[in-house]
Amino acid sequence: MRILAIANQKGGVGKTTTTVALGGLIASAGYRVLLLDIDPHGSLSTWFGIDPDNQALSSYTLFQERKELGYQSVKRLVLPTQFANIEVIPATTALATLERQAIGQDGMGLVLSRALGLLADDYDYVLIDTPPLLGVLMVNALAACQYLVIPVQTEFLALKGLERMVNTLNMMSRSRKKALDYTVVPVMFDRRTQASVTSLRTIRNTYPEQSWPGHVPVDTRFRDASKAGIPPHLFDPTSRGVEAYTSLWHWLEKKFKQRESTVPSTIPLVASKAGAVS
Ligand SMILES: Nc1ncnc2c1ncn2[C@@H]1O[C@H](COP(=O)(O)OP(=O)(O)OP(=O)(O)O)[C@@H](O)[C@H]1O
Ligand SMILES: [Mg+2]
């Protein structure tokens, strides 16, 4: 099972869109995909017609039940979608209260890592959509994932956010004693604006090894797809945005395979189905 987190401390940069676009493409390639929504705003859940204001069972439950997580208790949080190979653990607005509750609580940082370890046989890919702030939820996602995708808007202010995100990562990598592999994905590129062109160049120059060599263009079809509640590639398979995410997916898959042939898995904790953490 490959676990990807899609994160950036900056809001509105295309995290949810990237999660659903990539998740949809991966599912259509025949892989079993779980989308995990840990953003209190629940945009990903809403995309799939699930109301985050009205979820008794959600990713929040994992934190409430963190001391007795078992296979069945995690599995019961998973909701099917109308799309083949895509399942969702939804978010709820109550996730917003977690930061306050987490203070001084032991074992709060590895809840997702342990929960996803229990589902290792059930999915080929888990994609975690994160909220735009560094807190206990982001820390959980970074601890649970093997790969991180950072969507970055091609505009001047976005670069500052990216720098902050990379600093956070370096901090996390030190605490997990293993560097986290991340890919910077330039998004919302508009070739007609100088800001976009300059920012794209700066991103590639600043993170030459970590940047995906392509870019996702500005494409209004993403918003239309989310309104329609359909993954972008099923909503409009020929759109330029979908074309870009398809090439990102192929690029990432190649990278995963290369990395896995040289580096052992970096999942820090794997729990057995009986619930014991090893
Ligand atoms: N490539 C794109 N071109 C045009 N619009 C886009 C693109 N990607 C995303 N959007 C739109 O931009 C808005 C923000 O995108 P999205 O919700 O994916 O960002 P986010 O980083 O998840 O936001 P938040 O931090 O609030 O969770 C949405 O309306 C989405 O439809
Ligand atoms: Mg979002």
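Since every read-out is calculated from the coordinates, none of them should be taken as a lab result. Since the structure is predicted, the reported quantities are computational estimates derived from the model, not experimental observations. Here Cβ is always computed from backbone atoms with ideal geometry, including for glycine, and neighbour counts include all displayed protein chains.
Numbers below:
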{"quantity": "Burial ranking of peptide ranges 64-73, 198-207 (average Cβ count within 10 Å, highest at the top)", "calculated": "198-207, 64-73"}
{"quantity": "Zero-based 10 Å bins, Cα pair distances in the chain, whole percents", "calculated": "7, 31, 39, 20, 3, 0"}
{"quantity": "Point-charge dipole on Cβ atoms (K/R +1, D/E -1) for the range 2-262, about Cα centre, debye to 20", "calculated": "740"}
{"quantity": "Thr202/Lys255 FRET efficiency (R0 30 Å; Cβ-Cβ; nearest 0.05)", "calculated": "0.85"}
{"quantity": "Pairwise FRET efficiency - Arg164 versus Ala56, Cβ, R0 = 35 Å, nearest 0.05", "calculated": "0.50"}
{"quantity": "Size descriptor, Kirkwood hydrodynamic radius, that averages inverse alpha-carbon separations across the range 168-260, Å", "calculated": "15.1"}
{"quantity": "Cα-Cα over 25 Å, subset of Lys15/Lys67; Lys75/Lys255; Lys178/Lys257; Lys160/Lys254; Lys15/Lys227", "calculated": "Lys15/Lys67; Lys75/Lys255; Lys160/Lys254"}
{"quantity": "In degrees, nearest ten, helix 194-206 long axis to first principal axis of the chain (Cα)", "calculated": "60"}
{"quantity": "Relative compactness, the range 107-250, computed as alpha-carbon Rg over 2.2 N^0.38 Å", "calculated": "1.13"}
{"quantity": "Inter-label distance for Lys227 and Arg76, nm, one decimal - labels placed 7 Å from Cα along Cα-to-Cβ", "calculated": "3.9"}
{"quantity": "Listed residues Thr61, Thr154, Thr92, most fluctuating in the chain (Gaussian network, C-alpha, under 10 Å)", "calculated": "Thr61"}
